[in-house]
Amino acid sequence: MPYSEDPDVESLLSRARGGDRSAVGRLLERYRPRLWQMVAVHMDPCLAARVDASDVVQEALAVAAQRFPEYLREPPLPFYAWLRQIAWDRVLDAYRRHVRAGNRTVQREEKLGIPDTSALELADRFAADSTSILKRLLRKELLARIQAALAGLNAHDREILILRYLEQLSTAETAAN
């Protein structure tokens, strides 16, 4: 296997290779909360009004279960990175269905990326909570500066920050994505 994984994940993958079907289910369920967080962070607010993140994750896990034997034969990525890519594809599919349902233009569909709410949440995480009035004012100023800096980043660089700080991926997992 070309990528190192969590020892528990490696053990479950080994058991799955040996035909243990319960290991497959445990692997998929292990990452459900992380996938939900990723989907929720990246879901456009317009899409979130129509589609629940849990539904997208459920669909992604169903696709992963179907493709699991292929993954075992030749893993292209670490397991979570592979699952995350499947979930990301489901987010894009849901967005495309939403765009078509709303009769929107193709130009709007191409703008899919990190929603502004994700950038605000990321900025909020970088500026820790404060209690005093002075600290709150300083925090507000810091928050504005962080938001401006995030707005100045290209989409790829901002995505890296979201992977690390909102999805809490390790450096290796971020690099794999």
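Tabulated results
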quantity: Residue within region 68-78 that is open to solvent by less than 30 Å² (accessible area, probe 1.4 Å) and modelled with pLDDT of 90 or more present; calculated: yes
quantity: Criterion (at pLDDT below 90, in contact with a helix residue (DSSP H, G or I) (Cβ under 8 Å, 6 or more places away or on another chain) and open to solvent by less than 30 Å² (accessible area, probe 1.4 Å)) met by exactly one of Ala40, Ala81; calculated: Ala81
quantity: Residues located in region 161-177, provided they are under 11 Å from the mean Cα position of the chain (by Cα) and within 16 Å of Gln85 (Cβ to Cβ); calculated: Ile162, Leu163, Glu167, Leu169, Thr174, Asn177
quantity: Selection status of Gln107, more than 22 Å from Leu169 (Cβ to Cβ), at pLDDT below 85 and in a helix (DSSP H, G or I); calculated: yes
quantity: Residue, farthest from Met38 (Cα to Cα), within region 158-171, restricted to residues that are at pLDDT 80 or above and open to solvent by 60 Å² or more (accessible area, probe 1.4 Å); calculated: Thr171
quantity: Count - residues of region 51-67 that are crowded, with 18+ Cβ neighbours inside 10 Å and either aromatic (Phe, Trp, Tyr) or without any contact (Cβ under 8 Å) to a residue 24 or more places away in the chain (or both); calculated: 1
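The values are calculated or read from the model by the stated rules, or taken from the named source; none is laboratory data. Predicted, not measured: the structure shown is a model, and the values here were computed from it. Note that each Cβ is placed from the backbone with ideal geometry, even for glycine, and that neighbours are counted across all protein chains shown. For accessibility, only protein heavy atoms count, side chains too; no ligands or nucleic acids. Shrake-Rupley method; radii C 1.70, N 1.55, O 1.52, S 1.80 Å.
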